[in-house]
Structures are given as structure tokens and as C-alpha cells.
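Written below as C-alpha cells is the structure these notes are about.
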Amino acid sequence: MALIKTRARGLKLDDTFAFTGTVSGAGGGIEVAGSFRLTTSFTGSANPITINYEEDDVYYSRIGSAVTESSGVFTMPSTGVYLIIVHTAVSYSGELNYHEMILQGSNDGFSSNVQTIASKYTAQADHGATAYFGASNAVLYDVTNTSNNKVRLRISSAQSGATTRGHTDNNQTSLTFIRMGDT
């Protein structure tokens, strides 16, 4: 039988306890976290962005199993509720441009069901000078089936000359995935 030291007001947390067997109710922390970035810039819209992603590789270490990407479609390694954070960076020379970042989800692996799960507009109305602007958004996404629940990023630009920025050494357009808990 284990001895637990108690005080009238509860456990004395600076004591050391020797546990044997299984401890339940102790959270294990974040089990999956990873980040991807666009490595090169492109001009115009993309429905969806299908090429030039890489898993971050500068001062980076993934937690747990990897989120995978194929042709712009991201697959989570396990079921659960994921926090997905998306950033886009844009440059444009001209006037009156909007840029929409659209995170799409599917419950059938993008066979036929596509739904916008997060979107954000950003705009600039400069007259001639190159303007730099961006959009960010976050969503909780419930992955109940790793074969079917997938996401992808789409960019819609009002002007064909707008450039969605990417870089191989830092996150300009990026997606971050963090598994927050069970579904």
C-alpha cells in the first residue's frame, strides 16, 4: 500500500512520490506538432497550392509523428482535434488588389466533398509602389478519420500580378498543425 503525505489543505506538492503501476489522469502534453512552408513564390491565384511545400528545417523539431503533404493535400498522422494556423505573405505593385487565403477541408479525401473551413481577406489600395501584406487565420479541425479528413490551402487574388511569397529558409506562407486532444 502506498503512503501519501497529506496536509489539511491538500497534497504537499514539493514531496517526491514513488509511483508503481499505471498513473491515470496525467496528461501527456502535445503529441503531434509540425509546420510546413511554401519554398518559392508564385504569381496569381492557386486552387489549391499543389507544389513547393517543405517541412520546416531551420531551428525546427517536429513533435511526434509527421503530418504529411502530397500535391498540396495535408494528412494528419492520427485522429484528434488539431489547431491549424495558416499565414500567407503577399506582394503586389499596382492598385486595388485583394488576396484571400482559403483553408479547405474534406471528409472524403477531396474525392468530391470540399468545404472552406477558414478564410481571410487582406487588401491594399496603394497606387504604384510595391506593397507587402498578409493574412493569418486559425481553426480547430476534428480529424475522425485520417484517410478522409484532409486539408489544403487555396489562394484567390483579384489581380494576376499579386505574388504569394515563399522562401526555403523562413516562413512567409506557412501552415502549422498542433494536435490538441482526442476527438
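The values are calculated or read from the model by the stated rules, or taken from the named source; none is laboratory data. None of the values given here were measured: they were computed from a predicted structure. Cβ: placed from backbone, ideal geometry, glycine included. Neighbour counts: every protein chain shown. What goes into the accessible areas is simple: the full protein's heavy atoms, side chains included, and nothing from ligands, DNA or RNA. Shrake-Rupley method; radii C 1.70, N 1.55, O 1.52, S 1.80 Å.
See the values below:
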{"item": "Matching residues, segment 97-122, being in a strand (DSSP E or B) and either polar (S, T, N, Q) or open to solvent by 70 Å² or more (accessible area, probe 1.4 Å) (or both)", "result": "Asn97, Tyr98, Gln104, Ser106, Gln115, Thr116, Ser119, Lys120, Tyr121, Thr122"}
{"item": "Selection count where residues are at pLDDT 95 or above and either open to solvent by 40 Å² or more (accessible area, probe 1.4 Å) or within 13 Å of Asp142 (Cβ to Cβ) (or both), scope segment 75-96", "result": "11"}
{"item": "Scope segment 124-154; condition closer than 16 Å to Val86 by Cα and either at pLDDT below 95 or open to solvent by 50 Å² or more (accessible area, probe 1.4 Å) (or both); matching residues", "result": "Phe133, Gly134, Ala135, Ser136, Ala138, Leu140, Arg154"}
{"item": "Residue that is farthest from the chain's Cα centre (by Cα) [pool: residues in segment 30-74 that are of a type in the set (Phe, Trp, Tyr) and surrounded by fewer than 17 Cβ atoms within 10 Å (Cβ to Cβ)]", "result": "Tyr59"}
